[in-house]
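Q: Please see the structure below; I have some questions.
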2 protein chains.
Amino acid sequence: MRSKPEAKFQYEYARPALTVDIVVFALDADDLMVMLIQRDLEPFEGQWALPGGFVHLDETLDDAARRELQEETGLQGIFLEQLYTYGDLNRDPRERVVTVAYYALVNLEGHNVQASTDARNAAWFSVNELPDLAFDHANILAAAHERLRGKVRYQPIGFELLPEKFTLRQLQHLYEVILDRELDKRNFRKKVLSMEIVQETDEIEKDVAHRAARLYRFDQKAYERLTEQGFHFEI
Amino acid sequence: MRSKPEAKFQYEYARPALTVDIVVFALDADDLMVMLIQRDLEPFEGQWALPGGFVHLDETLDDAARRELQEETGLQGIFLEQLYTYGDLNRDPRERVVTVAYYALVNLEGHNVQASTDARNAAWFSVNELPDLAFDHANILAAAHERLRGKVRYQPIGFELLPEKFTLRQLQHLYEVILDRELDKRNFRKKVLSMEIVQETDEIEKDVAHRAARLYRFDQKAYERLTEQGFHFEI
DNA sequence: ACAAAAGTGTTAAATGTACACCCATGC
DNA sequence: GCATGGGTGTACATTTAACACTTTTGT
């Protein structure tokens, strides 16, 4: 007694609308930040929400996420990864909308983030001081945060939040902020350096009122080489 | 210069079709198995594919996956988790179809799996001897396999593949099959027992031609208690 | 009695964790 | 010269990995 949708392919079922939403993370001096956009239309007019929008028929989901990111925040060429797909019935009060959520990592120094594009009000918020969010976006954001916390420990994605050249202190600070606990300086350096996936440069920090720290860069090639040999990144 | 989809909500964009597909894993004597269904219609008529179908407007994604699983394989009440959403443009030759993939774990002894329901030909295949698959299902299956391999190590989901009561040897075998490497018997037992998440029963195996092994059961309560205290499962 | 798998401890190596001081630099 | 963070090593505890024999049961 099962219907066979293939038989009358395009008529069988009404379709949910399909959108993408993106949780964009960045690292501030002391906090993990998320970019939000203030809605200028009902529903949830005036409330903050994740950047996102409809998936077009002629673009993949990744492309849709990249396009929306570009249109709403000006961000381009950044780390983007699919998170989860949300399909509860009343996520959107207007009609059935399924959204494919992504999360993105961006280095604030390297990218010119337009705080406001397209007459929309966009801003960074600390993940620890979030406003009320539209739709189920608080859920999505919490899941993205959770995923980042988990994944940063066994994939070298944290580097996406730092400038190309960074100090070991910055790297440690990143992990401390994301994992929300303090790490031992000596043990941290020992571990990172022993993995041989960061490359010492001949440069040092600039404009600091104390001894300047050496700058390092993430060595993607070395990482891939090691990974092929069964190496497993872990912090 | 950005369109505002909210303004003319239901007319702005044509919508992709939305489906769910499920990778159902089970454990055979020696292999990790997957359930496949032979297609009885074009496209890919006669080829094997993952069970799945259209998402209805009045059901969540999880509900759709459960319904399709029930309709196509008779399986009910089993472990089911969202995997990833696939939205490449030409996944389906007929038109744009986005699919939310799930994976499921089932214990062959405890469930009466209908090998063929609804005049469809369904069968179990070893993940090591798969036929050609329709659409991008080979991709999806590989991703599910990868996810299972990764997740089984830090979440106690492996138990879903075993009967309620199992021997430690069976549990070890499960990990050996999924991780595709041999484990040391003594070290494995030591580790599992030290976690205190399996409960010894007073029963032993039946009908074996040698000393019968003690049966254990997974202790969900104990697991949750430990997890709250910061315990982290890991094999 | 023998075939088959169950069950059980010890040791060495590797890894993780805790901890404190001197150094270089800018002001 | 002092305030600030940069940079470094050692000792102890914990975890992992390697390894072999005796016991129980069914045939």
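Q: Give me a count of the residues in segment B:200-230 that are without any contact (Cβ under 8 Å) to a residue 24 or more places away in the chain and more than 10 Å from DNA strand D (Cβ to nearest atom).
A: So the answer is 11.
Q: Working only within segment A:45-64, note down all residues that are among the hydrophobic types (A, V, I, L, M, F, W, C) and facing chain B (nearest Cβ under 10 Å).
A: A:PHE54, A:VAL55, A:LEU57, A:LEU61, A:ALA64
Q: Being buried (at least 18 other Cβ atoms within 10 Å of the Cβ) and either among the polar types (S, T, N, Q) or within 30 Å of A:PHE233 (Cβ to Cβ) (or both) is the requirement here; does B:LEU162 meet it?
A: So B:LEU162 does not fit the description; no.
Q: Continuing with this model, one more query. Looking only at residues that are more than 7 Å from chain A (Cβ to nearest Cβ) and not aliphatic (A, V, I, L, M) in segment B:65-76, which one is nearest to B:VAL24 (Cα to Cα)?
A: Here the residue is B:THR73.
Q: I'm checking my understanding of the structure. Among residues of segment A:35-54 that are touching a Gly at 6+ places or on another chain (Cβ under 9 Å) and under 26 Å from A:ASN107 (Cα atoms), which one is least open to solvent (accessible area, probe 1.4 Å)?
A: Among those that are touching a Gly at 6+ places or on another chain (Cβ under 9 Å) and under 26 Å from A:ASN107 (Cα atoms), it is A:ILE37.
Q: I'm checking my understanding of the structure. Among residues of segment A:185-199 that are open to solvent by 80 Å² or more (accessible area, probe 1.4 Å) and away from DNA strand D (no atom under 12 Å from the Cβ), which one is farthest from the other protein chains (Cβ to nearest Cβ)?
A: A:GLN199
Q: Moving on to the next point. Hey, can you tell me all the residues within segment B:35-44 that are under 10 Å from B:GLU72 (Cβ atoms) and within 12 Å of chain A (Cβ to nearest Cβ)?
A: Residue satisfying the conditions is B:ILE37 alone.
Q: Out of the residues in segment B:122-141 meeting the condition of being closer than 16 Å to B:ASP31 by Cα and part of a loop (DSSP other than H, G, I, E, B), tell me which one is most open to solvent (accessible area, probe 1.4 Å).
A: B:GLU129
The values are calculated or read from the model by the stated rules, or taken from the named source; none is laboratory data. Since the model is a prediction, treat every value here as computed from it, not as a measurement. So basically every Cβ, Gly included, is an ideal-geometry build from the backbone, and we count neighbours across all protein chains shown. In case anyone asks, the SASA skips ligands and DNA or RNA and just uses the protein heavy atoms, side chains included. Shrake-Rupley method; radii C 1.70, N 1.55, O 1.52, S 1.80 Å.
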